[in-house]
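See below for the structure under consideration.
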Amino acid sequence: MRFSQRAGLTPATKLAQREAIDDELRNSLWSLLSLCYWDTYRSPGGGSYGRSDYVKNSNLHSLVICFWLHYFKQPTDTIDQYWGNCYERLRKHFFQAEWYEVYDFVEFVANYGPEQQKARFIELANSYLERENSAYRFVNDRICEITSAEEISTVEEALSIAEDYRGAKTHLRAALDLLSDRKNPDFRNSIKESISAVESLARKLTGDDSGTLGAILKELERSKKLHPALKSAFSSLYGYTNDAEGIRHALLDEGNLTKADAKFMLVCCSAFVNFAIESIGN
């Protein structure tokens, strides 16, 4: 971890891996390729003497041919004779590839590999992509972005706010850490931390220790810095974040809160923090 992350100046975790891929995700995807494809290799037989792990006529021959024709776009007479050598060439390419080439590779195998492995491979790939906080998933057999740059920048901007709003910053960082924990994510407490960030900001901006999102909305309305459409949207958010018994407690009592729920609340609360500081705090 970098000094800036240890000191709390920049987040140690991110909302998602976008336009990047870390070693854990790369390793996980390669292991999955091995499980679903490489480890299924079956020799065509023959070769009484020496090696018999031929690529030609093996169960993976068609996939290898497709790699050379459509992915590498190299002459097919440069394909390695033996699967062991071909495997090493594929592995070397995968681990030296840029982040986007890794996704190209994975998507290619899913669509050109043996059909019987496809559904399982895509299902497991999506589970690994979610576990490692990738911004991408298989959608209709294609890898697509499911977490936008705008969502990520909204959270990162809120985490870079001035030290005057340290309380809100601390709660948002905790919400992100709980959401992004790869081993034991805690969506309920992530939502609570996102809400607490708004409440902390409310106390700071209004000078009232019991300040709520509603108090900020009144101040924004008084200063005429709140468009009616925004007021309606933020009022809906208030329904989740108010301290009264009702929607907020019903939400947090739900037993099936998901990563999508926690991410939605983190992005919404981050957007509101940014808006309120820009409108009232400056």
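The values are calculated or read from the model by the stated rules, or taken from the named source; none is laboratory data. What you are looking at is a predicted structure, and each value in this text was computed from that prediction instead of being measured. Cβ placement follows ideal geometry from the backbone for every residue including glycine, while neighbour counts extend to all protein chains displayed.
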- Filter region 177-199 down to the residues that are within 15 Å of L257 (Cβ to Cβ) and of a type in the set (S, T, N, Q), then identify the one that is surrounded by the most Cβ atoms within 10 Å (Cβ to Cβ). S194
- Exclusive hit being farther than 30 Å from C269 by Cα and in contact with a strand residue (DSSP E or B) (Cβ under 7 Å, 6 or more places away or on another chain), set Q74, Q116, Q81, Q96: Q81
- S62, sole failed condition from (1) surrounded by 13 or more Cβ atoms within 10 Å (Cβ to Cβ); (2) within 25 Å of E123 (Cβ to Cβ); (3) over 24 Å from the mean Cα position of the chain (by Cα): (1)
- Name the residues in region 132-151 that are within 12 Å of the chain's Cα centre (by Cα) and at pLDDT 80 or above, would you? E132, N133, S134, A135, Y136, R137, C144, E151
- List the number of the failed condition for Y128; all other conditions in (1) more than 13 Å from the chain's Cα centre (by Cα); (2) surrounded by 15 or more Cβ atoms within 10 Å (Cβ to Cβ); (3) not in a loop (DSSP other than H, G, I, E, B) hold. (1)
- Message: Whether any residue in region 160-171 is assigned by TED's automatic domain parsing to the domain that holds G207 and under 17 Å from the mean Cα position of the chain (by Cα) is what I want to check.
- Response: no
- Query: Is it fair to say R42 is basic (K, R), free of Cβ contacts under 8 Å to residues at least 24 places away in the same chain, outside any helix (DSSP H, G or I) and in the same structural domain as E132 (by TED's automatic domain parsing)?
  - Reply: yes
- Query: Being over 29 Å from A119 (Cα atoms), assigned to a helix (DSSP H, G or I), in contact with a Phe, Trp or Tyr (Cβ under 8 Å, 6 or more places away or on another chain) and modelled with pLDDT of 85 or more, is that true of even one residue in region 156-170?
  - Reply: no
